Amino acid sequence: TGSPEELKHSLGGDIITLSIKENSDVSEIIRSVENVKDVVKMENGSYRIKAESGEVTTPLIIEALRSRGYTVTRLSLTEPTLNDVYLEYTGRVMRDTEGSKEEFRMQRITLRRARAR
(Lines give C-alpha, C1' and ligand atoms only; values in the text may rest on other atoms or scores of the structure.)
Protein backbone atom coordinates (compact mmCIF):
# COMPACT_ATOMS: atom_id res chain seq x y z
CA THR A 1 0.00 0.00 0.00
CA GLY A 2 1.15 3.49 -0.69
CA SER A 3 -0.25 4.58 -4.05
CA PRO A 4 -0.53 8.34 -4.57
CA GLU A 5 -4.31 8.20 -3.97
CA GLU A 6 -3.86 6.20 -0.75
CA LEU A 7 -1.26 8.66 0.51
CA LYS A 8 -3.57 11.61 -0.23
CA HIS A 9 -6.49 9.87 1.47
CA SER A 10 -4.32 9.21 4.54
CA LEU A 11 -4.41 12.92 5.36
CA GLY A 12 -8.08 12.52 6.21
CA GLY A 13 -9.63 15.65 4.79
CA ASP A 14 -9.56 18.63 2.50
CA ILE A 15 -7.12 21.53 2.69
CA ILE A 16 -8.55 25.02 3.22
CA THR A 17 -6.16 27.94 2.89
CA LEU A 18 -7.30 31.37 3.97
CA SER A 19 -6.01 34.83 4.84
CA ILE A 20 -7.63 37.55 6.87
CA LYS A 21 -7.33 41.33 6.61
CA GLU A 22 -6.48 41.81 10.28
CA ASN A 23 -3.07 41.05 11.77
CA SER A 24 -4.36 38.70 14.49
CA ASP A 25 -3.93 35.02 15.29
CA VAL A 26 -7.33 33.41 14.78
CA SER A 27 -6.13 29.80 15.00
CA GLU A 28 -8.26 29.04 18.07
CA ILE A 29 -11.41 30.43 16.46
CA ILE A 30 -10.83 28.25 13.39
CA ARG A 31 -9.95 25.23 15.54
CA SER A 32 -13.29 25.54 17.37
CA VAL A 33 -15.29 25.02 14.16
CA GLU A 34 -16.86 21.58 13.71
CA ASN A 35 -14.93 19.19 11.39
CA VAL A 36 -11.67 21.18 11.62
CA LYS A 37 -8.85 18.72 12.31
CA ASP A 38 -5.79 20.95 12.24
CA VAL A 39 -4.81 24.61 11.81
CA VAL A 40 -1.33 25.88 10.97
CA LYS A 41 -0.49 29.57 10.70
CA MET A 42 2.01 29.87 7.86
CA GLU A 43 4.99 32.23 7.71
CA ASN A 44 3.15 34.47 5.22
CA GLY A 45 0.27 34.94 7.69
CA SER A 46 -2.20 32.66 5.92
CA TYR A 47 -3.78 29.63 7.57
CA ARG A 48 -3.57 26.04 6.33
CA ILE A 49 -6.57 24.15 7.66
CA LYS A 50 -7.21 20.43 7.43
CA ALA A 51 -10.93 19.66 7.61
CA GLU A 52 -13.41 16.93 6.86
CA SER A 53 -16.02 17.90 4.27
CA GLY A 54 -14.30 21.10 3.22
CA GLU A 55 -17.28 22.27 1.18
CA VAL A 56 -19.43 22.21 4.34
CA THR A 57 -16.76 23.37 6.80
CA THR A 58 -15.51 26.38 4.79
CA PRO A 59 -18.71 28.46 5.21
CA LEU A 60 -18.73 27.64 8.94
CA ILE A 61 -15.16 28.95 9.29
CA ILE A 62 -16.02 32.14 7.38
CA GLU A 63 -19.08 32.72 9.59
CA ALA A 64 -17.09 32.09 12.80
CA LEU A 65 -14.52 34.68 11.72
CA ARG A 66 -17.06 37.25 10.45
CA SER A 67 -19.14 37.01 13.63
CA ARG A 68 -16.04 38.07 15.57
CA GLY A 69 -15.26 40.99 13.26
CA TYR A 70 -12.60 39.42 11.00
CA THR A 71 -12.55 39.81 7.22
CA VAL A 72 -11.49 36.87 5.02
CA THR A 73 -9.47 38.22 2.08
CA ARG A 74 -8.35 34.98 0.40
CA LEU A 75 -9.74 31.49 0.39
CA SER A 76 -9.06 28.24 -1.41
CA LEU A 77 -10.36 24.72 -0.94
CA THR A 78 -8.44 21.80 -2.39
CA GLU A 79 -8.18 18.09 -2.03
CA PRO A 80 -4.80 16.99 -0.70
CA THR A 81 -1.91 16.84 -3.17
CA LEU A 82 1.28 14.81 -2.97
CA ASN A 83 2.98 18.03 -1.84
CA ASP A 84 0.51 18.18 1.08
CA VAL A 85 1.36 14.57 1.94
CA TYR A 86 5.06 15.41 1.85
CA LEU A 87 4.50 18.47 4.06
CA GLU A 88 2.45 16.41 6.53
CA TYR A 89 5.10 13.73 6.96
CA THR A 90 8.28 15.81 6.72
CA GLY A 91 7.18 19.25 7.93
CA ARG A 92 8.78 20.75 4.84
CA VAL A 93 7.53 21.86 1.43
CA MET A 94 8.86 20.05 -1.64
CA ARG A 95 11.12 22.30 -3.67
CA ASP A 96 12.50 22.09 -7.17
CA THR A 97 15.96 23.00 -5.91
CA GLU A 98 18.38 20.18 -5.34
CA GLY A 99 19.70 19.48 -1.89
CA SER A 100 22.57 17.28 -0.90
CA LYS A 101 22.51 13.56 -1.63
CA GLU A 102 22.20 12.92 2.10
CA GLU A 103 19.13 15.18 2.31
CA PHE A 104 17.55 13.40 -0.65
CA ARG A 105 18.26 9.99 0.91
CA MET A 106 16.66 11.06 4.22
CA GLN A 107 13.58 12.38 2.41
CA ARG A 108 13.13 9.06 0.61
CA ILE A 109 13.44 7.15 3.87
CA THR A 110 10.83 9.42 5.48
CA LEU A 111 8.39 8.89 2.61
CA ARG A 112 8.92 5.13 2.69
CA ARG A 113 8.15 5.09 6.40
CA ALA A 114 5.02 7.16 5.77
CA ARG A 115 3.82 4.68 3.17
CA ALA A 116 4.43 1.78 5.55
CA ARG A 117 1.99 3.23 8.13
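Brief remarks follow.
- Enumeration of residues in segment 43-94 that are touching a Phe, Trp or Tyr at 6+ places or on another chain (Cβ under 8 Å) and among the basic types (Lys, Arg): ARG92
- On the stretch given as segment 64-114, residues that are among the hydrophobic types (A, V, I, L, M, F, W, C) and at pLDDT below 75 total 5.
- Restricting attention to segment 25-60, the residues being loosely packed, with under 12 Cβ neighbours inside 10 Å and touching a residue at least 40 places away in the same chain (Cβ under 8 Å) number 1.
- Scanning segment 23-43 for residues that are within 16 Å of GLU63 (Cβ to Cβ) and in a loop (DSSP other than H, G, I, E, B) returns VAL26, SER32, VAL33, GLU34, ASN35.
The values are calculated or read from the model by the stated rules, or taken from the named source; none is laboratory data. On a predicted model such as this, the values are computed, not experimentally measured, just so you know. With ideal geometry, Cβ positions are generated from the backbone for all residues, glycine too; neighbour counts draw on all protein chains shown.
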